[in-house]
Amino acid sequence: MTSGSTWKKAMAREQLDKRLKKYQWLRDFEIPPKGWIKALRFALGMNGNHLAIRLGVSKQNISQIENGELEGSVSLKMMRRIGEALDCRFVYGFIPNSTLEETVRNRAEHVAWAKLERVNQSMRLEAQDISEKDVQRAWKLLASKLLIEMPSNLWDGD
């Protein structure tokens, strides 16, 4: 992998982290118990038949769509159509649990630890244990190297 490509990925992570930071509060946002479609319909005073007419589908389809929303099987295309019919804008996205940078750093540390464990196991079998302090130092160095190089196999396996 070229260093230019690694730099571009780091910049992309940084830029996306900045954009996503303002949405962190949404992680704790609860979906209404009966789903967004039904909650919005109720708040607007719109019954299933009204929405069905606006969408050009049957009333039974509305029930299926609302159940599908709860199950996660409604297409994004349909959710956009429903949003328009309810005079709403449908949005979707991913809200990272931390930052993208932290996710990559944690993965690099995980991979580094797994590699060191294999090496340390081999060395133990040969009665060449390395100290905990040296293991920790090697772990930090290897994780840093992985972060800099961003190898294509960083996300392979577990």
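List every residue pair whose Cβ atoms sit under 9 Å apart, with the two residues 6 or more apart in sequence or on different chains, where the first one lies in region 71-98 and is more than 20 Å from Phe42 (Cα to Cα) and the second, anywhere, is surrounded by 10 or more Cβ atoms within 10 Å (Cβ to Cβ) and of a type in the set (Phe, Trp, Tyr).
Going by the 9 Å Cβ cut-off, the qualifying pairs are Leu76/Phe90; Gly93/Tyr23; Ile95/Tyr23.
Which of the residues belonging to region 49-94 are surrounded by 13 or more Cβ atoms within 10 Å (Cβ to Cβ), touching a Leu at 6+ places or on another chain (Cβ under 8 Å) and in a loop (DSSP other than H, G, I, E, B)?
Within region 49-94, Leu86, Cys88, Phe90 meet the criteria.
Given the residues Arg41, Arg54, Arg107, which is the only one that is under 24 Å from the mean Cα position of the chain (by Cα) and either without any contact (Cβ under 8 Å) to a residue 60 or more places away in the chain or farther than 30 Å from Lys145 by Cβ (or both)?
Arg107
Kindly evaluate Leu16 against the criterion of being surrounded by 12 or more Cβ atoms within 10 Å (Cβ to Cβ) and either touching a residue at least 60 places away in the same chain (Cβ under 8 Å) or out of contact with any Ser or Thr (no Cβ under 6 Å at 6 or more places or on another chain) (or both).
Yes; evaluated as a whole, the condition is true for this residue.
Could you check how many residues of region 66-102 are of a type in the set (A, V, I, L, M), farther than 30 Å from Asp17 by Cβ and under 25 Å from the mean Cα position of the chain (by Cα)?
Matching residues across region 66-102 total 3.
I need the full set of residues from region 109-158 which are modelled with pLDDT under 90 and touching a His at 6+ places or on another chain (Cβ under 9 Å), in order please.
Residue satisfying the conditions is Asp158 alone.
The values are calculated or read from the model by the stated rules, or taken from the named source; none is laboratory data. Keep in mind that this is a model prediction, so the values were computed, not measured. Positions of Cβ are backbone-derived with ideal geometry, glycine not excepted, and every protein chain shown enters the neighbour counts.
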